[in-house]
Amino acid sequence: MLNNKKPRVRQLVVTMSFIVLSSLLGACSSMSMKTNELVSTATNLVDLARGAGAEKYAPEMLKSATDYLAEANRSATGGNYIAARRYAERAISDAQLAEAQAQEGSRNAQIAALREEIADIKSR
C-alpha cells in the first residue's frame with residue numbers, strides 16, 4: 001500500500017511544481033509587458049516635450065527625462081523590470097514637466113513678441 005502512494009505523491013509534487021513554475025513565468029511575462037508599455041509611454045512623452053520646444057525652454061528637465069529613459073531601457077534590456085519601471089516613471093514625470101515648461105516658455109516668447117509689436121505700432 002505504501003509503494004502505491006509514492007507514485008501519486010511524486011505525481012502531485014511534479015504537478016504542483018509545474019503550476020508554480022507556470023505562474024511565475026506568467027507573472028514575469030506580464031511584468032515585462034507592463035514595463036515595456038511604461039517605457040514606450042515615457043519615450044512618447046519625451047518626444048512630445050522635444051516637439052513642444054523643451055530643448056530651448058526646458059533643457060535641464062528634458063535631459064533628466066532623457067537620462068531616466070536611457071536607464072529604463074538599460075534596466076529593461078537587462079531584465080531588471082522593477083528598476084526599469086521606476087526609471088520610466090521618473091522619465092514620464094520629467095518629460096511632462098519639460099513639456100509644460102516648454103509650452104510656458106513658448107507662450108512667454110509669443111507674449112513678448114506681441115508686446116514688442118504693440119510698442120512698435122504705438123511709436124509710429
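Each reported figure results from applying straightforward, stated rules to the coordinates on display, with no laboratory input. A quick note: this is a predicted structure, and the numbers were derived from the prediction, not measured. Backbone-built Cβ (ideal geometry, glycine too); neighbour counts: all protein chains shown.
Observations on the model:
- Principal semi-axes in Å for region 34-122 [√(5λ), Cα gyration tensor, largest first]: 36, 9, 7
- Cβ-Cβ distance of M33 and K63, R₀ of 22 Å, FRET efficiency by 1/(1 + (r/R0)^6): the value works out to about 0.15.
- 11 Å beta-carbon shell around S75, net charge (K/R +1, D/E -1): +2
- Pair S93, A119: separation of 7 Å Cα→Cβ label points (nm): 3.9
- For Y87, net neighbour charge (Lys/Arg +1, Asp/Glu -1) across residues whose Cβ lies under 13 Å away: 0
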